[in-house]
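Step one of this worksheet: look at the structure below.
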Amino acid sequence: MKILTINAGSSSLKFQVIDSETEKVLIKGHYDEIGRPTGIRTITTREKQIEKLVFKNHEKTISDVLELLISKKIVNDLSEINTVAHRIVHGGEKYQDTLELTEKNIKELNKLSFLAPLHNPINIKCIKILKKMIPKIKHFGVFDTAFHSTLSKEVFLYGLPIELYEKFKIRKYGFHGTSHKYVSSETARLMKKPIEKLKIITCHLGNGQSICAVKNGISIDTSMGFTPLEGLPMGTRSGSFDPEIVLFLLKKGYSKKNIKSMINKKSGLLGVSKISSDMREIYAKYLKKDKSAELTINLLANRILKIIGSYVAEMNGVDAIVFTAGLGESAFYIREKVLEKLEYLDLKLDIKKNRNNETLITTNESKVKAFVIPTNEELQMMRDVLDVV
């Protein structure tokens, strides 16, 4: 089977075609800055091709994807695509498993758009476009929140009046579920142990960042909450802070619009450092003894450490700590600052392996293992769809 995976953002789109029998990626692509004059298309088959191409909207982008599949001889005809797997950011409480997308449940998904107004509408739009372009095959939705549907009530509820949950479903949902699920299963494979017998903490660190406690193969806690704003400071998102600050700023003359923009687009690494939202640029300044860069790196490492420590307590121990996504896979200095504080767990970091970004970055004698594992959300999406099929 050839399965097409679609991962659409507000101005981006990633896709892959995967052979389900071999799990070989036949082609993958990434479209950035859709609808803007700075558009970039990156396509990888045997070689990577990066081109500056402008696509007016997601419909034009998807048309280009399908044309590429023919021109690159991935398929002779679009009917050779057996299934399409769509990433959907938010399934709410209603959708907690991968499901076939019908007209009925697409309408139901529209009702959940208030939970992820920047993501779900574009996810649904791309589903409709592809169902129209290749209607004779099955389309499935894979939900970013689904892996966290196993959170217990005492974990997902906030200390707010219970009627806010009952009336508006205000609760912790968690995100990056597909990534956390993939890297936790890869960790079990590398450790050659059943995931049902492991306690794993997965750290998805990129422009968006979250940490997950995976006990016996299921998510029991995660750092993102009702929205992706909660938890760690991210590229431009603030992460968790005292909510009274919002009311304080309103009294000081800040508008709701300004506060929303500030905590989503002007905070996090960018807001603290005043350098960039990109940790690579911050680290370059750090090497030159820049105090703002040093503060930003130490702040992020501190917040990661705190969440890991709380999850060790929550699971009554840990077998492995995993780092993934762009920052998690490359920022050895962040990993070093975090893991050197976990020696009490009998975790022994191998400095050389860590700085080389090797897969296993702890010593052979280390009781608790630490790994660097590249995430592959598209492959996990395919696996989730195959489980349903």
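DSSP beta bridges fully contained in the chain are about 65 percent antiparallel.
With a ≥ b ≥ c taken as the square roots of the eigenvalues of the C-alpha gyration tensor of the chain, please select rounded if a/c is under 1.5 and otherwise prolate if a/b is larger than b/c or oblate if it is not? Verdict is rounded for the chain.
Can you flag which of Lys131/Lys169; Lys181/Lys353; Lys28/Lys306; Lys72/Lys353; Lys104/Lys260 are past 27 Å Cα-Cα? Table pairs above 27 Å Cα-Cα are Lys131/Lys169; Lys28/Lys306; Lys72/Lys353; Lys104/Lys260.
Each of Ile373, Gly268, Ile361 was placed along the dipole of the range 187-377 (beta-carbon charges, centred on the mean Cα), and the one lying farthest toward the positive end is Gly268.
Please identify every one of the GluC sites (Glu not before Pro) in the range 64-169 that sits in a loop by DSSP and has no more than 14 other beta carbons within 10 Å of its own beta carbon. Each step should come with its number before you reach the end.
Values: sites: Glu67, Glu80, Glu93, Glu100, Glu103, Glu108, Glu154, Glu163, Glu166; in loops: Glu93.
Answer by residue number: Glu93.
Here the chain is assigned +1 on the Cβ of each Lys and Arg and -1 on the Cβ of each Asp and Glu. Its dipole about the Cα centre then comes out at about 1020 debye. Electrostatic tally near Lys24: other residues with Cβ closer than 13 Å to its Cβ, Lys and Arg +1, Asp and Glu -1, net -1. So how tilted is helix 291-315 from the main axis of the chain? Cα-based, degrees 0 to 90, rounded to 10. So the helix axis and the longest Cα principal axis differ by about 80 degrees.
Could you list, in their original order, any pairs among Lys215/Lys341; Lys285/Lys341; Lys56/Lys266; Lys24/Lys348; Lys172/Lys257 whose Cα atoms are separated by more than 31 Å?
Details: Lys215/Lys341 22 Å; Lys285/Lys341 24 Å; Lys56/Lys266 27 Å; Lys24/Lys348 35 Å; Lys172/Lys257 23 Å.
Checking Cα-Cα distances, Lys24/Lys348 exceed 31 Å.
Which value, in debye to the nearest 20, gives the size of the charge dipole of the range 187-377 about its Cα centre, when Lys and Arg are +1 and Asp and Glu are -1 at the Cβ?
540
If you take the square roots of the eigenvalues of the alpha-carbon gyration tensor of the range 33-122 and sort them as a ≥ b ≥ c, do you get rounded (a/c under 1.5), prolate (a/b over b/c) or oblate? Oblate is the answer for the range 33-122, as a/c is 1.5 or above yet b/c matches or exceeds a/b. The residues neighbouring Ile195, those whose beta-carbon lies less than 12 Å from its own, together hold a net charge of +4 under the Lys/Arg +1, Asp/Glu -1 convention. Cβ crowding within 10 Å, taken as a proxy for footprinting-reagent exposure, orders Ser267, Ser310 from fewest neighbours to most as Ser310, Ser267. Straight-distance candidates among the aspartates and glutamates for linking to Lys52, with alpha-carbon spacing under 20 Å and chain neighbours fewer than 8 residues away dropped: Asp32, Glu33, Asp64, Glu67.
Structural descriptor for the chain: relative contact order 13 percent, calculated from alpha carbon pairs under 8 angstrom and at least 6 residues apart. The C-alpha atoms of the chain define a longest principal axis, and helix 58-71 lies at about 70 degrees to it. Each of Cys126, Cys212, Cys203 was scored by other Cβ atoms within 10 Å of its Cβ. Arranged with the fewest first, they read Cys126, Cys203, Cys212.
Judged by the ratio a/c of the largest to the smallest principal axis of the C-alpha gyration tensor, the range 160-215 counts as prolate, that ratio being 1.5 or greater while a/b is larger than b/c. If R0 equals 22 Å, the separation of the Cβ atoms of Ile50 and Leu386 corresponds to a calculated FRET efficiency of about 0.10. Put the Cα centre of the range 187-218 next to the Cα centre of the range 46-76 and the gap is 34 Å.
Taking the chain as a Gaussian network of alpha-carbon nodes connected by springs under 10 Å, the highest mean-square fluctuation of the residues Leu295, Leu198, Leu115 belongs to Leu295. Under the convention that each Lys and Arg Cβ holds +1 and each Asp and Glu Cβ holds -1, the size of the dipole of the range 2-143 around its Cα centre is about 320 debye. So if we plug the beta-carbon distance of Ile137 and His30 into 1/(1 + (r/R0)^6) with R0 = 35 Å, what FRET efficiency do we get, rounded to 0.05? Once the sixth-power term is evaluated, E becomes 0.90. Considering only His204, Gly231, Leu247, the residue lying farthest towards the positive end of the dipole of the range 196-296 is Leu247, judged by Cα position with unit charges set on Cβ.
Distance from a point 7 Å along Cα→Cβ of Lys265 to each backbone N in the range 110-127: keep the residues under 14 Å and list them by number. Answer for this model: 118. For the range 158-173, the Karplus equation 6.51 cos²θ - 1.76 cosθ + 1.60, evaluated at θ = phi - 60°, returns couplings of 9, x, 10, x, 4, 5, 5, 6, 5, 8, 10, 6, 6, 6, 7, 10 Hz by residue, with Gly and Pro reported as x. Between Ile245, Ile40, Ile334, the GNM of the chain built on Cα springs shorter than 10 angstrom shows Ile245 fluctuating the most. Per residue of the chain, what 222 nm ellipticity follows from adding -39500 (n - 2.57) for every DSSP H run with n ≥ 4, rounded to the nearest 500? After summing the helix terms and dividing by the residues of the chain, the value is -11500 deg cm²/dmol.
Between 0 and 90 degrees, the angle of helix 177-191 with respect to the longest Cα principal axis of the chain falls at about 70 degrees.
Here, each number is a calculation from the coordinates, and none is a lab measurement. As the structure is a computational prediction, the values presented were derived from the model and not from experiment. With ideal geometry, Cβ positions are generated from the backbone for all residues, glycine too; neighbour counts draw on all protein chains shown.
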